[in-house]
1. Quick one: count up the residues across segment B:102-151 that are among the aromatic types (F, W, Y) and either at the interface with another protein chain (Cβ under 10 Å from one of its Cβ atoms) or open to solvent by 50 Å² or more (accessible area, probe 1.4 Å) (or both).
2. Which of the residues spanning segment A:95-106 are modelled with pLDDT under 95 and either farther than 17 Å from A:T66 by Cβ or within 7 Å of chain B (Cβ to nearest Cβ) (or both)?
3. Of the conditions (1) surrounded by 19 or more Cβ atoms within 10 Å (Cβ to Cβ); (2) closer than 24 Å to A:I231 by Cα; (3) more than 8 Å from chain B (Cβ to nearest Cβ); (4) among the hydroxyl-bearing types (S, T, Y), A:T78 satisfies every one except a single condition; which number is it?
4. Would you mind finding the one in B:Y64, B:Y12 that is on the phi < 0 side of the Ramachandran plot, surrounded by 12 or more Cβ atoms within 10 Å (Cβ to Cβ) and within 14 Å of chain A (Cβ to nearest Cβ)?
5. State all residues of segment A:168-184 that are away from ligand 1 (no atom under 16 Å from the Cβ) and either free of Cβ contacts under 8 Å to residues at least 12 places away in the same chain or open to solvent by less than 10 Å² (accessible area, probe 1.4 Å) (or both); if no residue qualifies, say none.
6. Regarding segment B:188-206, can at least one residue be identified that is more than 24 Å from B:H81 (Cα to Cα) and basic (K, R)?
7. Can you name the residue in segment A:247-267 that is in a strand (DSSP E or B) and among the basic types (K, R) and, of all such residues, is nearest to A:Q315 (Cα to Cα)?
8. Among the listed residues A:G240, A:G268, A:G187, A:G234, which satisfies the condition of being over 27 Å from A:G161 (Cα atoms) and within 16 Å of ligand 1 (Cβ to nearest atom)?
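The values are calculated or read from the model by the stated rules, or taken from the named source; none is laboratory data. What you see is a predicted model; the values in this text were computed from it and never measured. Cβ coordinates were reconstructed from backbone atoms using ideal geometry, including for glycine residues, and neighbour counts include every protein chain displayed. Just the protein is used for accessible areas: all its heavy atoms, side chains included, with ligands, DNA and RNA removed. Shrake-Rupley method; radii C 1.70, N 1.55, O 1.52, S 1.80 Å.
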Amino acid sequence: MENMIEVKGLTKTFKSYKKGKGLSGTIKTLFKREVTEIEAVKDISFNIRPGEIIGYIGANGAGKSTTIKMMTGILNPTSGFVKVDGRVPYEKRQENAKHIGVVFGQKTQLWWDLPVGETFAILKEVYQVPDAFYAEQMKYFDEIFELSEFMGQTVRTLSLGQRMRADLAASMLHNPKVLFLDEPTIGLDVMVKERIRKAIKDMNKRYGTTILLTTHDMSDIEELCHRIIIIDKGQLLYDGGIDTIRRDFGYERKIVFDLRYDDAEVVGAILQQMRDEIQGCTPENMTYTLSESQLSVIFNRNEINISSIMNYVLQHLNVIDFSVKDMDIEAIVKRF
Amino acid sequence: MTKTFKRYLKLYGMFLSQYLKAVMHSRTDFLIGFLAFFLIQFGGIAFIALVFRQIPDLMGWSFYDLLFIYGFANIPRGIDHMFTDYLWLLAGNVIVQGEFDRYLLRPIHPLFQIIAQRFQPDGIGEMIIGILLVVYAASKGGIEFTAGKIILLIVMVIFSTIIYTSIKLILASIAFWTKRSQSILFMFYSMSEFSKYPLAIYHKFIRTFITYIVPFALTAYIPASYFLGESSLMESLGLTVSISLIALALGLFIFSRGIKQYESVGN
Ligand SMILES: Nc1ncnc2c1ncn2[C@@H]1O[C@H](COP(=O)(O)OP(=O)(O)OP(=O)(O)O)[C@@H](O)[C@H]1O
Ligand SMILES: [Mg+2]
């Protein structure tokens, strides 16, 4: 088979009806309902080959989760279609479910009241995982996710990191051909993130699992994805290698300073002067924002020397702390 | 087909054993629930007894006849209560909060997953009281139970239970369109109280309504009347079976249409 996932002209429009206030409003809405339409996904097409790891990225509300919901059979598209491993997910929902694994980082898929151990025993039955493979998988999950730490606890008592590890293990148990991971690293500390990335890479290497993941964390993308698809306001912006993005946008750096000052206007004036003092500081190459004693400077690394910015700010302002950030997804999207 | 059935049965057993473990853990909850339930039942029976102290019979029905109907009503109600209590939550928050997503992600029928999500032990009490009342009323009221009649009673109970479940399923599925349907479910479910007494005491409109529209009459009075010698087998069993199957088919149809309509939620 050529494509593991095929998405063509995919569109999803949500209709929502305004509810009137009070009794008279309710009665009015019975006769004449005001419809507002939200075009969450607009005419998106792409293909994914077996074994690819794709970063599906975009700002908040771009339509990532909605696309995943159509690819996993939760939602019916308004128009266009999706095929996953040759099946249309929302038409052959149960059959499709056997071959995919899904994690929604924001919400657990596990049974709230069941102990983790029992959850896996039930999933074994649900997906009809053979005994030997089950034992092998559980041993592996225990190594990488350290499940035995909380095997006896009910899902509702788990911490966010533990819950995410359990959710990921659950999505991989039956060795699905395709994994859909919607924000699998949200709210996790660096150690857990690292573990999760390793597991994702491992699955892909060992079984050739096709993986589509969304994240707001650029380092997830850098570490995992060969290819990224960027969407914004429901539309496809970019589909291609990560190298192009790095070349075209990797020059961007952001420094965040924590400042202490009495008069914001004075700080504003000092910053204004920075444009004259540092070479190449055109509004195009350098922008800054000041809010609540936090100063963010975004600049083009190729045009402006980082040390000159650091020097200037440290000399003229009272800096308590600072951090240098990599390019972030929101900034990239804005640039398109 | 049988393989699928066995798999579902095994899965149900796994869920059930977990709930029973959890129930045993919170024994006080269980006892309090049981106690409250007995008080309610006692109230209902006392009411019937009180009425019969004033009048020796009600439109030709004796005290034991009424007790039999009242007892019968509790059996399908209790069984349905035990197994399908989660339908109340489907009508409640499951759809508004996007919880239904998860049922669409597993290779098992979503309705099975909803039903397996909860076991309600309160229903056991209802069922037991029902059985005790039926046996007591039958022996005092002179109803002879042959093996054939016992089997028939079980069959009637099964189809009566299907009616309960189907009515709940239909009304809960409305939530796919309206997001919530708990109040309409509650309103109609309350009508099951009508089924605990002979239909003859009601206005014709109510009689038709609870026989054909929201067919709770088929969960107690109509099947019970056969054993009380008030209607033929065709009238009671025939009507119960055919309407329960229609209701079930309708319930499954509306449920699956609802899934197609399901819009999930944004985060
Ligand atoms: N079930 C729904 N009903 C109505 N509108 C919805 C629904 N789901 C999503 N939306 C809207 O569609 C748009 C896209 O939402 P979606 O959840 O797909 O974004 P996203 O890219 O996943 O964002 P995030 O990064 O915040 O998770 C948003 O405007 C959202 O409000
Ligand atoms: Mg999302």
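1. Filtering segment B:102-151 down to residues among the aromatic types (F, W, Y) leaves B:103, B:112, B:119, B:136, B:145.
From the residues that got through so far, the ones that are either at the interface with another protein chain (Cβ under 10 Å from one of its Cβ atoms) or open to solvent by 50 Å² or more (accessible area, probe 1.4 Å) (or both) too are B:103, B:136, B:145.
The qualifying residues number 3.
2. A:Q106
3. Evaluating A:T78 over (1) surrounded by 19 or more Cβ atoms within 10 Å (Cβ to Cβ); (2) closer than 24 Å to A:I231 by Cα; (3) more than 8 Å from chain B (Cβ to nearest Cβ); (4) among the hydroxyl-bearing types (S, T, Y) leaves (1) as the failure.
4. The unique qualifying residue is B:Y12.
5. A:L168, A:A169, A:A170, A:S171, A:M172, A:L173, A:P176, A:V178, A:L179
6. Among the residues of segment B:188-206, at least one is more than 24 Å from B:H81 (Cα to Cα) and basic (K, R), which makes the answer yes.
7. Quick first cut of segment A:247-267, residues in a strand (DSSP E or B) only: A:252-259.
Add one more test, that the residue is among the basic types (K, R), and what stays is A:253-254.
Working: A:R253: 20, A:K254: 19 Å.
Once the filter is applied, the top-ranked residue is A:K254.
8. A:G234 is the lone residue from the list that is over 27 Å from A:G161 (Cα atoms) and within 16 Å of ligand 1 (Cβ to nearest atom).
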